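Read-outs: derived from the displayed coordinates by stated rules, not from any lab. These figures come from a predicted structure and were not determined experimentally. Note: ideal-geometry Cβ built from the backbone for every residue, glycine included; neighbour counts use all protein chains shown.
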Amino acid sequence: MTTDLKKARKIKSQLIETFDAIAPHFDITRYKPWPESKRFISNLPKDSIVLDLGCGNGRNSIHLAKEGMKVIGIDFSRGLIKIAKNKLEWKEVANRVNLIEGDIGSLPLKKESVNAVLYIATIHHLPTPQERLKSLLEVKRCLKPEGSCLVSAWAQEQEKFKEDLEKSMDNSEEGFEHGDIFLPWKLKEGRELQRYYHLFSKEEFEDLIEKSGLDVKRVFFSADNHYAELNKK
């Protein structure tokens, strides 16, 4: 087994355990879509089929459904999917959203089956360059011609993570890159769980987007995140 594959399996398993455990508290802290997501959604035709990658507790899926979209939400956390399903029922939009527990690197969707993809605050949890590119290639595969995508990733330029990034440069553990950090989430009982993030430099983010083969409408920085608006011809 290669080093990258070992790293990917270890971190994915750890992340699923963490997000399942913190799901109720995580839900409280993530309750509405970001402005960048809302602007992207506002430009979509009302009958669009939209893929919400890393849908989490459903905050973007709910907004999409309320805006008249048909939604497919995918997340690897069973705990967050359960919360999202309950919220969709409560918001009375469950009939417009199909939630799937799955791997964003291998989407259970047909080729050219969606009009748009919302890929927010998720790609930075993928533990290797290969996994990140694979997920964007899956986005390209599933998008219909003329389809669009908004992708965001945490940026290295965040001052609050300067010390964590300096530590990551000194991390001698095999398979880890500059930009790999672990952030703690403390549970009520005092137990602390770790969340893996890969923070992107502007150059790294742009290089990854270019390799996807999707057409770049624009790349921009907002609220400590790198964003890219992409299209498929």
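Take each of the peptides 59-68, 12-21, average the number of other beta-carbon atoms within 10 Å over its residues, and list them starting from the highest.
Most protected by this proxy first, the peptides run 59-68, 12-21.
Apply the Karplus parameterisation 6.51 cos²θ - 1.76 cosθ + 1.60, with θ equal to phi minus 60°, to every residue of segment 100-117 and state each ³J(HN,Hα) to the nearest whole Hz, in sequence, with x for glycine and proline.
10, 7, x, 9, 6, x, 8, 6, x, 10, 6, 4, 6, 10, 10, 8, 7, 10
Of all the C-alpha pairs in the chain, what % are more than 28 Å from each other?
When all Cα pairs of the chain are counted, 28 percent exceed 28 Å.
Could you put Thr128, Thr3 in order, starting from the residue whose Cβ has the fewest other Cβ atoms within 10 Å?
Starting with the residue having the fewest Cβ neighbours, the order is Thr3, Thr128.
Of Ala94, Gly179, Phe221, which is farthest towards the positive pole of the chain's charge dipole, taken about the Cα centre with +1 and -1 on the beta-carbons of Lys, Arg and Asp, Glu respectively?
Final value for the positive-end residue is Ala94.
Take every DSSP beta bridge with both residues inside segment 3-231 and express the antiparallel ones as a percent of the total, to the nearest 5. Before the final figure, lay out the partial values.
Working: 21 of 41 bridges.
Antiparallel: roughly 50 percent of the beta bridges in segment 3-231.
I'd like to compare 141-152, 214-225, 80-91: which one has the highest average count of other Cβ atoms within 10 Å, and what's the full order after that?
Descending mean neighbour count gives 141-152, 80-91, 214-225.
Can you give the helix-only mean residue ellipticity at 222 nm for the chain, where every DSSP H stretch with n ≥ 4 adds -39500 (n - 2.57) and the sum goes over all residues, rounded to the nearest 500 deg cm²/dmol?
-12000 deg cm²/dmol
For a quick check: with amide H placed at 1.01 Å from N, whose amide H comes under 5 Å from Asn98's, ignoring anything fewer than 5 positions away on the same chain?
Result for Asn98 returns Val71, Ile72, Gly73.
Express in nm, to one decimal, how much length is gained between Asp47 and Gln158 on full extension, taking 0.36 nm for each residue of separation and deducting their alpha carbon distance. Write out the running numbers ahead of the final one.
Numbers: separation 111, 0.36 × 111 = 39.96 nm, distance 3.71 nm.
Stretched out fully, the Asp47 to Gln158 stretch lengthens by 36.3 nm.
For a quick protection proxy, order the peptides 121-127, 189-195, 105-111 by their average other-Cβ count within 10 Å, most packed first.
Averaged packing, sorted descending, gives the order 121-127, 105-111, 189-195.
Measure off 7 Å from each Cα along the Cα-to-Cβ vector at Glu177 and Glu101, then give the distance between these two points in nanometres to one decimal.
Label-label distance for Glu177 and Glu101, simple model: 2.9 nm.
Using a Förster radius of 45 Å, what is the FRET efficiency between Lys202 and Trp90 based on their Cβ-Cβ separation? Nearest 0.05, please. Intermediate values should be presented prior to the final figure.
Working: r = 39 Å, r/R0 = 0.88.
Step by step, r from the Cβ atoms, then E = 0.70.
Just want to confirm a number: the relative contact order over segment 3-231, from Cα pairs under 8 angstrom separated by 6+ residues, in percent.
Relative contact order, segment 3-231: 18 percent.
Pop the C-beta distance of Lys186 and Glu146 into the FRET formula with R0 = 45 Å and round what comes out to the nearest 0.05. Let's see the in-between values first.
Working: r = 46 Å, r/R0 = 1.01.
About 0.50, to the nearest 0.05.
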